[in-house]
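The values are calculated or read from the model by the stated rules, or taken from the named source; none is laboratory data. Keep in mind it's a predicted model, so treat the numbers as computed, not measured. Positions of Cβ are generated from backbone atoms using ideal geometry, with glycine treated the same way; all protein chains shown enter the neighbour counts. The area values use the complete protein model at the heavy-atom level, side chains included, leaving out ligands, DNA and RNA. Shrake-Rupley method; radii C 1.70, N 1.55, O 1.52, S 1.80 Å.
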Amino acid sequence: MQYIAPTFGAKSFHCPLCNTYSHMNWDRTLRANTNSRTHVVVAMCSCCDKESIWLATAYKDGQIVQSTMIYPDVTSTPQPEVDMPEDVQKDYLEAASIFSRSPKASAALLRLALQKLCKHLGESGENINTDIRNLASKNVLPPLIVNVADTVRIVGNNAVHPGEMNEEDFDYVASKLFELLNIIVKKGISEPKELKALYELTPEGPRRSAEKSDQKATH
């Protein structure tokens, strides 16, 4: 399903701790300390029973109307796909942890993560545009991914040499790089693995027959 980012007061969203779309139970009665008027709000996930912590930032008529999640420190970015390689995931999570404070630094990390991911998919990892186009030509990734991946070059260049995009556009496009990385992992790693597992469940006889038919069709 579509990723639903954590939002203050929402009844349900993707838990930032277990990445499951689930109901949230809110507790708005905690204070930062006994002498403080600032409230710390807790949202408990009904799936994993873990709590995200939010700091109230705005009030109206004595009620909290705005709050920022301070734990876990992943802002509102989607969690990495389960099959994301460990070294790629490390950069992804670091990018998520700093995105709200520095979208440019986050985008630079995501660009590095994408280079590493391309290597995991069999490419050189030296040029993102070339690697993505190779993967699309091999049908490892859908052709449309080429156009989307071009934003990585634009955003990556802007992170080092500002001026190609205004700040508002940059922040929005940079946030979408998290989704792009997850899509590539899903298409290039997760779906082939799932199809292979499904194929291996097929009885040996029909499987061999299908393989022979495929061999004849290629000759």
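Here are some pairs, 50/176; 11/116; 186/212; which of them have Cα atoms lying more than 31 Å apart in this structure?
Values: 50/176 27 Å; 11/116 37 Å; 186/212 29 Å.
Among 50/176; 11/116; 186/212, the Cα-Cα distance tops 31 Å for 11/116.
In this calculation the C-beta distance from residue 4 to residue 210 is compared with R0 = 45 Å, giving a FRET efficiency of 0.70. Of the listed residues 47, 15, the order by accessible area with a 1.4 Å probe, largest first, is 47, 15.
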